[in-house]
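Q: First the structure, then my questions, so here it is.
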Amino acid sequence: MAYSLSATKLLTYRQCPQAYNFKYERGLSSPSAFGSPKFGNALHGALADIYQDWNYAYPVPSLDWFAVCWQQHTGELNQTQIHEGWMALQLYYERYVAPLPQIRKPLGVEGKIKASFQVSNIEFSLVGRYDRLDYFGDGLELIDYKTSKMVAPSDGIDLQLGLYYLILEQTYHQALQRLSLIYLRQGQRITFDVTPEHHQQVQELIGDMAVKLRADQEWEPAMGEHCDRCGYQRYCPAKSEKPEPLPEGAREGRQVQLVLGI
Ligand code: SF4
């Protein structure tokens, strides 16, 4: 079976191989810092409908169309969330839809993508998901909607760019040109261009991981400021001279199946 990799997994691995091992190889859960996803889900759902169900025989949707789609997704929200969501959608409409002579049908909305990649006789399955995929120039642009209260791109955008480049190249045979984060509450868009270094970096990281998986090497701890937010400190040999044993139920290290040449 192929070894599944996502941008989040690669980011964890780059930050600290030992934390990666605890989380994905040994299967230990760590406390999540995320709040209720209902608000974000509702906005993502409304935007997916706005693009997916629009009749593209007409050039630009009206704000009423936005309201219709929004109303389909407010069932689990409180009044404040409904108001804030609608404000965000109006802002999006004013900035990114109303000025256009015509909106273009995306290649996909809320899609999952997958590709395979072989390194050192290990088959990796690269997986990702996107909010919207558009044609851009002679390639593609990924759109990621953000609902956070702060405009602050998270770490790992470079890995996301490289990973999605590899997946989309295999899936659509077209190059990913750029990734845009659209902060819905603030109506702000931040765009990152893809460079050859992005995909090279991801390929190298996967190659590095393949060596560890094959040769059963140590997943070394990589200490840094991120340790303060790490949920595995008590098991980590870098944090304590006598780390606690892993709890019952922790998986054994995974045996990776090699792809054998015929
Ligand atoms: S405490 Fe630091 S070094 Fe140890 S596993 Fe967590 S992130 Fe890695």
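Q: So residue 100 passes all but one of these: (1) of a type outside the set (D, E, K, R); (2) open to solvent by less than 60 Å² (accessible area, probe 1.4 Å); (3) closer than 20 Å to residue 191 by Cβ. Which condition number does it fail?
A: Failing condition for residue 100: (2).
Q: Using the structure shown, decide if residue 210 is of a type outside the set (D, E, K, R), touching a Cys at 6+ places or on another chain (Cβ under 6 Å) and either within 8 Å of the ligand (Cβ to nearest atom) or within 16 Å of residue 13 (Cα to Cα) (or both). Spell out how you get there, then give the answer.
A: Numbers: of a type outside the set (D, E, K, R): yes; touching a Cys at 6+ places or on another chain (Cβ under 6 Å): no; either within 8 Å of the ligand (Cβ to nearest atom) or within 16 Å of residue 13 (Cα to Cα) (or both): yes.
Against the criterion (of a type outside the set (D, E, K, R), touching a Cys at 6+ places or on another chain (Cβ under 6 Å) and either within 8 Å of the ligand (Cβ to nearest atom) or within 16 Å of residue 13 (Cα to Cα) (or both)), residue 210 does not qualify.
Q: Determine whether region 35-56 contains at least one residue that is more than 16 Å from the ligand (Cβ to nearest atom), farther than 22 Å from residue 187 by Cα, over 25 Å from the mean Cα position of the chain (by Cα) and exposed (fewer than 13 other Cβ atoms within 10 Å of the Cβ).
A: Within region 35-56, the first condition is being more than 16 Å from the ligand (Cβ to nearest atom), and the residues that meet it are 35-56.
Adding the requirement that they be farther than 22 Å from residue 187 by Cα leaves 53, 55-56.
Narrowing further to those that are over 25 Å from the mean Cα position of the chain (by Cα): 55-56.
Restricting the remaining residues to those that are exposed (fewer than 13 other Cβ atoms within 10 Å of the Cβ) gives 55-56.
Yes.
Q: Step by step: first the residues of region 103-130, then only those that are open to solvent by 60 Å² or more (accessible area, probe 1.4 Å) and part of a strand (DSSP E or B), then the one that is nearest to residue 200 (Cα to Cα). Which residue is that? Steps first, please.
A: Keep residues of region 103-130 that are open to solvent by 60 Å² or more (accessible area, probe 1.4 Å), which gives 104-105, 110, 112, 114, 118, 121, 129.
From the residues that got through so far, the ones that are part of a strand (DSSP E or B) too are 110, 112, 114, 118, 129.
On the way: 110: 27, 112: 23, 114: 18, 118: 14, 129: 21 Å.
Going through the qualifying residues, I end up with 118.
The rows are residues; the columns are (1) within 16 Å of the ligand (Cβ to nearest atom); (2) outside any helix (DSSP H, G or I); (3) surrounded by 18 or more Cβ atoms within 10 Å (Cβ to Cβ).
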site: 164; (1), (2), (3): no, no, yes
site: 179; (1), (2), (3): no, yes, yes
site: 192; (1), (2), (3): no, yes, no
site: 203; (1), (2), (3): no, no, no
site: 219; (1), (2), (3): yes, yes, yes
site: 223; (1), (2), (3): yes, yes, no
site: 231; (1), (2), (3): yes, yes, no
site: 240; (1), (2), (3): yes, yes, no
site: 250; (1), (2), (3): yes, yes, no
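The values are calculated or read from the model by the stated rules, or taken from the named source; none is laboratory data. Quick caveat: nothing in here was measured; it's all calculated off a predicted structure. Cβ sites come from the backbone with ideal geometry, for glycine too, and all protein chains shown count toward neighbours. The protein model used for the area step is the full one, side chains on, heavy atoms only, and it has no ligands, DNA or RNA in it. Shrake-Rupley method; radii C 1.70, N 1.55, O 1.52, S 1.80 Å.
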